[in-house]
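**Student:** The structure under discussion is supplied below as structure tokens; questions concerning it will follow.
The values are calculated or read from the model by the stated rules, or taken from the named source; none is laboratory data. These numbers were taken from a predicted model, which means no experiment stands behind them. A quick note on method: Cβ atoms are made from the backbone with ideal geometry, for glycine too, and the neighbour counts reach across all protein chains shown.
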Amino acid sequence: MDLHIHTPASSDYQEEQVTYLDILRTAESRSVDILALTDHNTMAGYKQMLQEIADLELLERLGRIQPNEKGRLDEYRRLRTKLLILPGFEFTATLGFHILAVFSPEKGVRELEYLLLSLRVPAEELDKGSSTVGATSDVTTAYQAIRQAGGLVIAAHANSSHGVAMRGFDFGGQTKIAYTQDPNLHALEVTDLDKRGRYSTAHFFDGRKPEYPRPMRCIQGSDAHRLTGLPKDRKNLGIGERMTEALLPETSFAALKELFEGLDFSRTRPFRGTRAPVDFVQSAREAGPSIVMSFHDQAASTGSRLNAIIADVCAFANTNGGTIYVGVSANPKAPPVGVTNPGRVIDMLLNAIEQSITPELEVEADVQETQAVSVIRLVVPRGRDVPYAISDNKIYVRDEAETSLAVRDEIVALVRRSHASGAPPEPVPVVEPEAVQPTEPQTDQIEPPRTGVQIIQSQSRQGVFYHHMRDLRNNNVVTNVTRKSARRLWHYAITQEEDNPLDPSTVTWQGNIALLRKQKRGGVTRYDLAQRNQGKIDVYYGVTEDGMGGPWLDLLPPEQETSVAATTKTG
């Protein structure tokens, strides 16, 4: 599918003589099955195509159609049978951010033009196809309006110019979070979907970052302003030259919408033509274990292997949801073990989860193929009825890439979360453009990192130190943690605090922040950081790159500052 195609109705289209039959024929020749015509702030292109077809059909009914006209009509009919052509537009929201709105073919043009007018596109601009139409509606207002009208809401080229990921902006952290995490947003269109590793946009928005807990589906489109792209120019692509492959039961808008509203992100991937398709499991392994992902090379009907999988299910449900792969290790260089008879193993795992975890939890399971072997994937939702427990009394949580038994204060926080989720939802406010102008960040105090832990208070009782620990991901404070009772990251922080207390004279400061040490643990690089704060020094232990934004990134070596997080300071 290519859900981002312009026509000559866009004022910046590069080939004025192109016809709508040319566009459809080119799409067919490029193996496109689903395309959306998304001109800038107008329905004029799609409307003109429908009008041309209607005129030809009228001539046919009147018996006045000429042979060349009959040939065009027959070609339209053939192509509309073969291609699913969706109406849509690329809306320019306040501050110039672009949003794709894609609708069912059943949606009337008049209704979509009325939607554009309600989004404050001036009536005199409605047929011009310009990407600049003055002060319109705010991004989140547009998301809500498009979704309520039945459309798919896609942030256009999110990681590039006019994209809501605000790449290259030195401000707008909270605005960026709102624009990329809004519940009405279906997907992010990105330009680096085929990029692998930790620094891709898809990796940034996969749910592991504390500021961005909602995993976002990422797709790609051509943004074609011409039939065929210019050689060696990736900014001027042609139709179908950057597409997304989607796994659908049928080629219909209903099936497409069901996919976009689901959580199975393996059903979309970059289309590679004759090249080998993306290996979804291998891509996950390369991203590595995280707060939302774990790997188990084997499964067993009883014993520690099964218990570890069930513990991960419980932890994900209590934290942010996640995905578990069974039959493959986290090491991307190790050959996958695979699972024999995966159907039987899935039944065994789901039965064990049902019997072990309370309250009831809906876990989805399927089979994924990687390197010619079958792997089981378990998709665990973020639980609505926390805390979830194993055997009624073992409550697990996910802390970065580790699953651990919850301590008292974490259980209290889960109960409070459950209580808060039971409250009636607040109405969604209508946000006017001036209400969401990004503001410059406060420069007098840098916000702490968003991962790792901090010891905020310690006291000695009968020779034993008891510490108050702050989880930097969610700011939860856990009290009375000792070296003996601490989990791994906490144990490391306490060991450093007790055995190697900070000597301020040895710190090399960059302003009011500093990098104390860097180490790689469990395949993840972690940093100990320090910050001068009103006459005292705060130390943050075990911070990952996912939790570092703004000035904190300046502490890293230059070659590591290449991610979306690095180019978009969080403010």
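**Student:** Can you tell which of 288, 303, 273 is touching a Gly at 6+ places or on another chain (Cβ under 7 Å), on the phi > 0 side of the Ramachandran plot and among the small types (Gly, Ala, Ser)?
**Tutor:** 288
**Student:** Here is a list: 142, 135. Which entry is buried (at least 18 other Cβ atoms within 10 Å of the Cβ), more than 28 Å from residue 447 (Cα to Cα) and either at pLDDT 90 or above or in contact with a strand residue (DSSP E or B) (Cβ under 7 Å, 6 or more places away or on another chain) (or both)?
**Tutor:** 142
**Student:** Among the candidates 247, 227, single out the residue that is touching a residue at least 60 places away in the same chain (Cβ under 8 Å), of a type in the set (A, V, I, L, M) and surrounded by fewer than 22 Cβ atoms within 10 Å (Cβ to Cβ).
**Tutor:** Matching residue, one of 247, 227: 227.
**Student:** Working only within region 104-155, note down all residues that are in contact with a His (Cβ under 7 Å, 6 or more places away or on another chain) and more than 19 Å from residue 86 (Cα to Cα).
**Tutor:** Matches in region 104-155: 130, 131.
**Student:** Could you list, in sequence order, the residues of region 108-132 that are assigned to a loop (DSSP other than H, G, I, E, B), surrounded by fewer than 21 Cβ atoms within 10 Å (Cβ to Cβ) and not small (Gly, Ala, Ser)?
**Tutor:** 120, 122, 126, 127, 128, 132
**Student:** OK, next. Here's a check for you: in region 406-416, which residue that is touching a residue at least 24 places away in the same chain (Cβ under 8 Å) and surrounded by fewer than 16 Cβ atoms within 10 Å (Cβ to Cβ) is nearest to residue 478 (Cα to Cα)?
**Tutor:** Filtering region 406-416 for residues that are touching a residue at least 24 places away in the same chain (Cβ under 8 Å) and surrounded by fewer than 16 Cβ atoms within 10 Å (Cβ to Cβ), the one nearest to residue 478 (Cα to Cα) comes out as 408.
**Student:** Being at pLDDT 90 or above, touching a strand residue (DSSP E or B) at 6+ places or on another chain (Cβ under 8 Å) and in a loop (DSSP other than H, G, I, E, B): is that true of residue 483 here?
**Tutor:** yes
**Student:** If you don't mind, another one. Quick check on this structure: which one of 52, 28, 90, 16 is modelled with pLDDT under 95 and either under 21 Å from residue 225 (Cβ atoms) or touching a Cys at 6+ places or on another chain (Cβ under 9 Å) (or both)?
**Tutor:** Only one candidate qualifies: 16.
**Student:** While we're here: Only one residue in 90, 106 is within 20 Å of residue 45 (Cβ to Cβ), in the same structural domain as residue 29 (by TED's automatic domain parsing), more than 27 Å from the chain's Cα centre (by Cα) and of a type in the set (Asp, Glu), so which one is that?
**Tutor:** 106
**Student:** While we're here: What number of residues within region 250-267 are among the polar types (S, T, N, Q) and buried (at least 18 other Cβ atoms within 10 Å of the Cβ)?
**Tutor:** The qualifying residues number 0.
**Student:** Output the qualifying pairs, or none if there are none: Cβ atoms under 7 angstrom, residues six or more apart or on different chains, first residue in region 19-43 and within 24 Å of residue 125 (Cβ to Cβ), second residue part of a loop (DSSP other than H, G, I, E, B) and among the β-branched types (Val, Ile, Thr).
**Tutor:** Listed pairs, sorted by first residue: 20/7; 23/7; 23/239; 37/7; 39/7; 41/121; 41/133.
**Student:** Next question. Mind listing whichever residues of region 540-554 are in a loop (DSSP other than H, G, I, E, B) and surrounded by fewer than 24 Cβ atoms within 10 Å (Cβ to Cβ)?
**Tutor:** Hits for region 540-554 are 544, 549.
**Student:** Give the residues of region 268-299 that are surrounded by fewer than 17 Cβ atoms within 10 Å (Cβ to Cβ), small (Gly, Ala, Ser) and out of contact with any Ser or Thr (no Cβ under 9 Å at 6 or more places or on another chain), sorted by residue number.
**Tutor:** 276
**Student:** Hey, another quick one. Is there a residue being more than 17 Å from residue 87 (Cβ to Cβ) and in contact with a Lys or Arg (Cβ under 7 Å, 6 or more places away or on another chain) anywhere in region 30-38?
**Tutor:** No, the conditions are met nowhere in region 30-38.
**Student:** Something else now. Going by what's in this entry, would residue 193 be described as closer than 19 Å to residue 153 by Cβ and free of Cβ contacts under 8 Å to residues at least 24 places away in the same chain?
**Tutor:** Spelling it out, it is not the case that residue 193 is closer than 19 Å to residue 153 by Cβ and free of Cβ contacts under 8 Å to residues at least 24 places away in the same chain.
**Student:** Output the residues belonging to region 444-465 that are assigned to a strand (DSSP E or B) and polar (S, T, N, Q).
**Tutor:** Scanning region 444-465 gives 454, 457, 458, 459, 460.
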